[in-house]
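Notes follow the structure.
The values are calculated or read from the model by the stated rules, or taken from the named source; none is laboratory data. Worth saying up front: this structure is predicted, and the values here are computed from it rather than measured. Backbone-built Cβ (ideal geometry, glycine too); neighbour counts: all protein chains shown. Remember, those area values only see protein heavy atoms, side chains included, never the ligands or the DNA or RNA. Shrake-Rupley method; radii C 1.70, N 1.55, O 1.52, S 1.80 Å.
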Amino acid sequence: MPRRQPAIDSSLIASLDPEQLFECLLLARDRDDGDVASECAQVFAFRIKPQLTRWARKRLPEEAVGEVVDEAIERVVGSSMKASTRFRGETLPELFAWVYRILRNTTADHFRRIGKPAEHGLTIESLDGAPGEDGDSARSITDEEDGYARVEIEMVTEQVLAGLSPDHREVVQLAVHQDLASAEVADRTGKTVANVDQIKSRYRRDLRSALEATGTAATGSGAVPPAQATGPTAGHD
Amino acid sequence: MSEIDRRFTDFMTAWLEGAQPDRDSVMSGLDEQGQAELADMIDAFTDQNEWLEGGQVDREEFLAALATDPLLQRIGRAAAGISGTWPAMLPRLRERARLDRESLAPLLADRLGNPEGAEKIADYYHRMEWGDLPAEGVSDTVLAAIADLLDTTAEDLRDSGQADPPGGMEAGESSSAQADPTAVELVFTRTATGKQSPGVGEHRGDLPDPGDWDETDRLFLGG
């Protein structure tokens, strides 16, 4: 794309609202105008990043927020550069919903990535530190070993999580699936440490019961997958 | 559009028009998960929403962010380039893997079975991060090797490299009809007194002709 064109008036781009910036970006690429495309994308990212960051801070450990938000913005811009995936709405709420959906997918992918099986997964026995009822030592499931059981465990985990209230679900995601200390979870959620421990304990008990009911636990296998964020899953929207 | 997205846009459209839409009504009929998701969207939109405040972006703040936030520079390169979002994605993954570009190149050369070609491979990789390399020319072999080094998949890399080729529309045409055409069209008016837009990156020279390709060229240009 040509990048040496007569100077543009950047104050005009700075005055565009998010819908207009998006439109301008699409138009600039369609017209092969690299300077305008670049600045529109940059101003768009500059405008939306604070809000996406605030949303992410409520759901992710601080060290993950930056990367997840950057990746979400990257996906938004990337989707806009393909006719098959670009935003096709007409209003600001529609644009927001589209961006928000991408942010949630990116967050879900992050949780999925950090909760990989085998060396990163939890076993049922590790939920409460005790050996399994049948005395078998635990083993982690890998995708290669038992994909069906893994899918079943993920479904059961999602069902148990869905039965929690939103604030209990948040505690579980932070404490159990992101492995944060109870004190840190309490600090982030505004609950007491005792309350956090209680929620964790109740979740583990409910999950164990649910898994045992499916027969998955009885096989001695029991990798606990990461909490799945709700909504559509991986990939661009 | 999903049911939740539809309810959200209806609710927010009414809200933006000054109506007082009822949250209970918009949630009616959704399961607990759907209600939580919809509430989350509504809260996120209405909570300190700079989008709604509108107005001119502070130029000094923007330039300061441009100087300090790598994402903004990378997004600019991606938007103006021919490599999809590789200019943003590859550095991000590389940083996550704690690899600088100088360290990655010899590793990539090894994986491609061409350690002697590290310098040329480094140059091609640099072009990928700079948005200067046509993504469709990069082979699956190269993407698989990079994916392995950066803990991603070749499929994700291929998808991220895809973008509709720039150009193909005449001035005056619009790809869609949403925004105020006057405000957007004015942007494309060049003025002699306007400031140069933030640089996207220098073009790094011509690519070799197919007749002059060696194996490394073929891996990065031949698709």
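Cβ-Cβ under 7 Å, sequence separation 6+ or interchain: first residue in region B:71-99 and at the interface with chain A (Cβ under 7 Å from one of its Cβ atoms), partner of a type in the set (S, T, N, Q) and not in a helix (DSSP H, G or I). Which pairs?
That search, which allows pairs on different chains as well, returns B:ALA78/B:THR85; B:GLY84/B:GLN162.
Give region B:128-144 a look and list any residue that's farther than 14 Å from B:LEU108 by Cα, among the hydrophobic types (A, V, I, L, M, F, W, C) and open to solvent by less than 10 Å² (accessible area, probe 1.4 Å), or say none.
Within region B:128-144, B:LEU133, B:ALA135 qualify.
Looking at region B:1-21, which of the residues that are open to solvent by less than 80 Å² (accessible area, probe 1.4 Å) and assigned to a loop (DSSP other than H, G, I, E, B) is nearest to the other protein chains (Cβ to nearest Cβ)?
It comes out as B:SER2.
Residues of region A:96-114 being in contact with a helix residue (DSSP H, G or I) (Cβ under 6 Å, 6 or more places away or on another chain) and either modelled with pLDDT under 85 or aliphatic (A, V, I, L, M) (or both), which ones?
Within region A:96-114, A:ALA97, A:VAL99, A:ILE102, A:LEU103 meet the criteria.
Scan region A:177-223 for residues that are modelled with pLDDT under 70, under 26 Å from A:GLU62 (Cα atoms) and part of a helix (DSSP H, G or I) and jot them down.
A:HIS177
Say we look at region A:7-22 and pick out the residues that are within 7 Å of another protein chain (Cβ to nearest Cβ) and open to solvent by less than 10 Å² (accessible area, probe 1.4 Å); which of these is modelled with the lowest pLDDT?
Residue satisfying both the conditions and the ranking: A:ILE8.
Restricting attention to region A:41-50, does a residue exist that is open to solvent by less than 40 Å² (accessible area, probe 1.4 Å), β-branched (Val, Ile, Thr) and more than 8 Å from chain B (Cβ to nearest Cβ)?
Scanning region A:41-50 turns up no residue that is open to solvent by less than 40 Å² (accessible area, probe 1.4 Å), β-branched (Val, Ile, Thr) and more than 8 Å from chain B (Cβ to nearest Cβ).
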